[in-house]
Amino acid sequence: MERIGAAVIGAGVIGLACARELARRGIETLILERNENFGCEISSRNSEVIHAGLYYPAGSLKATLCVAGRHQLHDFCRSHAIRHRRCGKLIVATASADEERLAALQAQGEANGVDDLCWLSAAQARALEPELACTAALLSPSTGIIDSHGLMLALLGDAERAGAVMARRSPLRGGVIAPGGIVLECGGDNSLLLNCDLVINAAGPWAADVAASLTGFPPAALPAMHYAKGNYCALTGRVPFLRLVYPLPEVGGLGIHLTLDLAGQARFGPDVEWLPDPLPGVRLGAFDYRVSNGLANAFAKEIRRYWPGLTAASLQPAYAGVRPKLAGPAEPAADFLIQGPAQHGIPGLVNLFGIESPGLTACLAIADRVASELQVD
């Protein structure tokens, strides 16, 4: 059995940010990743948006970590030459009856410390984006886009320079919470036992399974998890927008929005496709990331509310991701759950549950919070 200072389970953007933070504090850190490479799940299947922080209740982890993380992320991108662009976005009301909700969203953002939001009339919005249809819009200049692969590569590079090691093809088989640390069994055909002082469970959709696999973890501390698949469609041809365009949020998501990549290509999504809840005691399996060819018409109907000129024939299936959620379709949206020793009573263990959007934006702030939960200097 080998002794290690810290094991980070999962090499998505959150796990890499946590590993970087621990390694930079002088802690011997091993990153365990079951896939061939980093970022193969949520971190490579999202909109690649740097969010401003206006959707979440004031004082929530999502609000505070998104706003703080956005500033950290912009600084990190500049210092590490990561491609990004502060293109801004427009959140639109497409009927006068929706303007009250839009105003409430502006008030929420300002309560969260987003201090550059600007209310636009329909004419002012069309002056910025002539193809846009709306009755009013909210301009968020701080919103941007980022090369998520470049971000993860930079996080891993920093972590490795500080001494961290990433173990690919190293799934977690289980573990035991012991008096002298947390013993993990990991690896493929040839398993390895690790006695860890610290464990950060950043396994994304599988985080609850990871926690449940640790003998001695209290079952009452396991949250009920739900999962929503989000499909994306790509636009063929030129897009007439310079900014991101979002409708008002819907249950489980932010609506089918228009995002741009750094090459200027447009994509739309994600929608919200709730998946069946896992059966009690049954481990979560692999997800089906295929996108149905029949989604174009449904997407086009929603997109035409703010871009009437779109034709369904210009949409094609792109990719999909799955969001781990702590609230189901009939429940209010839930906050991040950063579950440390104060919540579950196990020294040295932090579980990251329900880390969906704005997790990418907040990754550096989440890593700071994890270090604080573990009380590491």
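Every number in this text was worked out from the coordinates using simple rules, so none of it is lab data. Since this is a predicted model, take the numbers as computed values, not measurements. Cβ sites come from the backbone with ideal geometry, for glycine too, and all protein chains shown count toward neighbours.
Annotations for the structure displayed:
- Cα lying deepest toward the dipole's positive end in the range 226-325, options S314, P276, L248, charges on Cβ: S314
- About its Cα centre, the range 226-325 has a charge dipole of approximately 160 debye under the convention of +1 per Lys or Arg Cβ and -1 per Asp or Glu Cβ, with nothing else charged.
- Here the calculated FRET efficiency for D335 and V251, from their Cβ-Cβ distance with R0 = 22 Å, stands at 0.85, rounded to the nearest 0.05.
- Calculated log₁₀ intensity ratio I(q)/I(0) where the Debye formula runs over C-alpha points of the range 226-325, q = 0.13, 0.14, 0.19, 0.23 Å⁻¹: -0.48, -0.54, -0.91, -1.25
- Rounded to the nearest 20 debye, the dipole magnitude of the chain is 680 debye, with +1 charges on Lys and Arg beta carbons, -1 on Asp and Glu beta carbons, and the Cα centre as origin.
- For the chain, the membrane-span-like helices by this rule, meaning whole DSSP H stretches whose C-alpha atoms cover at least 15 Å of axis and whose Kyte-Doolittle mean is 0.5 or above, are 13-24, 363-374; this says nothing about an actual membrane.
- For the peptides 39-51, 246-258, the ranking by packing is 39-51, 246-258, with the highest mean count of neighbouring Cβ atoms within 10 Å listed first.
- Inter-label distance for A298 and N190, nm, one decimal - labels placed 7 Å from Cα along Cα-to-Cβ: 4.7
- DSSP bridge orientation in the chain - percent antiparallel, rounded to nearest 5: 70
- Spin-label pair T135/A107, simplified geometry with 7 Å Cα→Cβ offset, distance in nm: 1.8
- Per-pair calculated FRET efficiency, R0 = 45 Å: A81 and E273 via Cβ, rounded to 0.05: 0.75
- Loop-located trypsin sites (Lys or Arg not before Pro) in the range 164-235 whose Cβ has at most 15 other Cβ within 10 Å (DSSP): R168, R169
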